[in-house]
Structure formats: C-alpha cells, structure tokens
Amino acid sequence: MRAVPEGFEEAYRAQRARYPSAEPGWQPVHTVYVPADRFSAGTVAAWGDEASSLVKAHLSGPREVAEVFGLPDAQAAAVHEKVLRKLATEPIEDLRIDFEDGYGVRGDAAEDEHAARAAESVAAMHASGSLPRRWGLRVKSFADGDPARSVRTLRRFLSGVTAGAGELPAGFVVTFPKVLMEAYLGQFAGVLAELEGEFGAPLAFEMQVEAPQTLAFLRGDLNESLGGRLSAAHFGVFDYTAAVGLPPQEQRLDHPACDHARHVMQTAFAGTGVELSDGSLAAAPASERTQDVHALWRRHAALVRHSLRHGFYQGWDMHPSHLVSRFATVYAFHLEHYDSYRERVLAWEERRAAGGGVMDEPATIRTLAAALRRADQALP
C-alpha cells in the first residue's frame, strides 16, 4: 500500500494555490466613486472638507454621536475623536474614477478628454502625496457591446498617468462592471496582460456582481483561470435588484435577495484571497437641516452595520456625508468587542479558561485573531 495516495501531491499543490492560507492584508473600508467629468486633483480634499463641515454643524460632540448612532457614551467619545482625525488625515481610502453608470455615454471625443484630464489629476495627486492608498477607474462594461471603448479609455488613462507621474503609482486597480458572461472576464484579463507588457506594471481588476446570471459562474478556481488578476468582487445593489425584478422601493442593500447574492459571493471566494465589497446607498441629506442630515446618517449606518454583520467589511460611498456614517459605524463595530476578543485569544494562547465560561474552538480563535487584525488595520 502506498504511503501517499497517487495524485495527492498534485491535488495538494492545487489546494495551496487556490486557497492560500496567508493572512489577509489591509483592505479599505470603502470605495468612493466619482464621475470622471467631476473628478479633479482636489476631489479628495473637497470630500474631506465637506464631511468635516457636516460633523462640525451636525455632530459637534460625543453626545450627538451617541444619539445618532446608538452608541454608549464611552464609545461615542472614542468614535467622535477617531472620525474627526480620519476626515482630517485620510478621508478617502479607495478612490474610483467612474466612466460607467455614474458618467454615462458622452461620445468618444469627450471621454478621451476626460480620461486624459483624470490622468493629469492623478499624476498631480501622486506628486502632492494626496493620492489614496488604493485608486483606479471603472471602465464601461463589455456587456454594453463596445469593448473597444473600455480598452481605449483604460489605455489612454494609463498612458497619461505614467507619463505625468513617471510610473504607475502603487494601489492601482480597474473595476470591471456588469459581467453577464464569464467569457468577458477572460477577455478583460487578456487586455490587462497586453497593457501590462505595454506599461511595465502589474495590473489587477475587480469584477462587479450586478446580475443573477453572474452568480452562476462564481467559484473557487475562477481567479486561477484569470491568471491571478482578479483582486476583488464588488456587489452592485441597484442593477442586481432591478435584474431580479424587485420593485423600486425594495432596491436596498438589506433586502434578502441581496443577502443571498452576498452569501454566494462569500461561498465562491472563501479562502481564495479575493476581497469582497458591498454596494452603496443612493441618497444624500434631503436638506441642510440637522434632522435631515441625521436621518441620512442613521439610514446609511444601518446598512453599513448590516454589511459588517454579514462579513462584508467594505462598501461604496457616493456622497461626502457617507464618510461620516461609514467611519463612525466601522469604528464602533470594531471597538465594541475588541477587548473581549483580545482576552479570549490571550486565554487560548495561555491555555486557560476565558471569562464567562467561553470554550473557544480553534476555528473561532482564528476568526477572533482575524477580527483583531482587521480592527487594527481599520482604526486610526
């Protein structure tokens, strides 16, 4: 009898390649989408200034934080301080210049010009040190029937950035929307391989899950089939809920149909290293009145909490007001259980009982340690 079954080594190598056990690195808590024609080198600073002004006008201290976000007083003080610090130092962690739905169809000459201007702005931000840690653009979908337009915008943008910055700055990623056919993924990966040779920099992309058809080809070996270029999968709430036939008033992130799609994404990509991101809230404060700003923050915070509870630690933000509720909710989420998680991990490492009679399993300890790492990476 063989000590090692025939074919084991090959299967084990495939397992290690498909499901790497390495600890996940830093992941942004959000992606901010800005239409290409409204993007400039001052966009990040402008968003930070507007969000800070909203805090000053409508969230002046811990008491208001506790009331709006439903936090205990002690935690509210810490959250308030961290939100202010974050908005002053890094209001946007991940920026996407949008040439798709948020931009629309403008004609070739206009899109060429906006791609060139966006590239100039990115180069200026890189020079000034204001470019977010992760950044990139969203191209048009191949499902629109014009892949040449997507590739043309991407090539023009990359050419302008590398010419202006002298290189492709770190953190670049492309968002590829409305993937209705699996073949489009392979075709886009091929485009990136060609551009990688042209510009001499590694290129990765995020796919968007915006239709029920897409769920059918999500699987653990998908990234392998794409040469390892798939870095993330982002959920698109409005296209998805429309595609499954929900009425307009039910197009929301916390709808059960969206929960199902997110869980399919989690199941398909678990252990692969492909990051997951939730979608957005398409709303801004109804007015500048405090009650309307607070109402927007409460609604957005509820959706962010829903995502976090379901294991989606990143989402889209579409308006400067969202930065406040995003950061406040994320920080409160991580702070709430941080000390108890740390105590349970220490108890396990010291081989003693944790408080409250908790008996943790090894898988739970790994989850607790991962939650602590995520908190340390997210908290300013």
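By accessible area, using a 1.4 Å probe on protein heavy atoms only, the chain has 53% of its surface on carbon and sulfur. Each residue of the stretch 189-258 gets 103 Å³ once the volume of the Cα convex hull is shared out per residue. Along the stretch 126-143 the Karplus relation, 6.51 cos²θ - 1.76 cosθ + 1.60 evaluated at θ = phi - 60°, assigns HN-Hα couplings of 4, 5, 8, x, 9, 6, x, 4, 10, 7, x, 9, 10, 8, 6, 6, 5, 5 Hz to successive residues, with x for each Gly and Pro. In order along the stretch 62-70, the phi-based Karplus estimate (6.51 cos²θ - 1.76 cosθ + 1.60, θ = phi - 60°) of 3J(HN,Hα) comes to x, 4, 5, 4, 4, 6, 6, 9, x Hz; Gly and Pro are listed as x.
Taking amide H as placed 1.01 Å from N in the peptide plane, Leu95 has its amide H under 5 Å from the amide H of Val32, Arg134, Trp135, Gly136, each at least 5 places away in sequence or on another chain. Taking amide H atoms as placed 1.01 Å from N in the peptide plane, the amide H of Phe235 lies under 5 Å from those of Val209, Ser277, Asp278, Gly279, each 5 or more residues away in sequence or on another chain. Placing +1 on the Cβ of every Lys and Arg and -1 on the Cβ of every Asp and Glu, with no other charges, gives the chain a dipole of roughly 520 debye about its Cα centre. Can you give the longest stretch of the chain with no exposed loop site, where a site means chymotrypsin sites (Phe, Trp or Tyr not before Pro) in a DSSP loop (not H, G, I, E or B) with at most 16 other C-beta atoms within 10 Å? In the chain, the maximal stretch lacking such sites is 27-216.
Between rounded, prolate and oblate, where does the stretch 29-83 land on the alpha carbon gyration tensor, with a ≥ b ≥ c its root eigenvalues, rounded for a/c under 1.5, else prolate if a/b exceeds b/c? Note, shape of the stretch 29-83 comes out prolate. Simple spin-label estimate for Met359 and Thr89 gives 4.3 nm between the two label positions (7 Å along the Cα-to-Cβ direction from each Cα). For Thr175, the residues whose amide H sits under 5 Å from its own are Leu137, Arg138, Val139, Glu206, ignoring neighbours fewer than 5 places away on the same chain, with H placed 1.01 Å from N.
In summary, the stretch 1-101 shows an alpha-carbon radius of gyration equal to 1.83 times the 2.2 N^0.38 Å reference for compact globular proteins. Ordering Gln314, Pro20, Ala77 by the projection of their Cα atoms onto the charge dipole of the chain, which places +1 on the Cβ of Lys and Arg and -1 on the Cβ of Asp and Glu, puts Ala77 at the extreme positive end. Going by a ≥ b ≥ c, the root eigenvalues of the Cα gyration tensor, does the stretch 218-360 fall in the rounded group (a/c under 1.5), the prolate group (a/b larger than b/c) or the oblate group? It is oblate, given that a/c is not under 1.5 and a/b is not larger than b/c.
For the stretch 134-243, the solvent-accessible area works out to 35 Å² per residue, with a probe of 1.4 Å and every protein chain left in place.
Cross-link partners for Lys140 among the aspartates and glutamates, with Cα-Cα distance under 18 Å and sequence neighbours closer than 8 places in the same chain left out: Asp37, Asp98, Glu100, Asp101, Asp108, Glu111, Asp112, Glu113, Glu182, Glu206, Glu210, Asp239. The residues of the stretch 1-120 expose on average 53 square angstrom of accessible surface per residue, using a 1.4 Å probe on protein heavy atoms.
When we measure straight from the Cα of Lys82, which aspartates and glutamates land under 20 angstrom away, once same-chain ones fewer than 8 places off are left out? Within reach: Asp49, Glu50, Glu64, Glu67, Asp73, Glu90, Glu93, Asp94, Asp317, Glu336, Asp339, Asp376.
The values are calculated or read from the model by the stated rules, or taken from the named source; none is laboratory data. As the structure is a prediction and not an experimental result, all values here were calculated from the model. Every residue, glycine as well, gets a Cβ built from its backbone with ideal geometry; the counts of neighbours run over all protein chains shown. Only protein heavy atoms, including side chains, enter the accessible area calculation; ligands, DNA and RNA are left aside. Shrake-Rupley method; radii C 1.70, N 1.55, O 1.52, S 1.80 Å.
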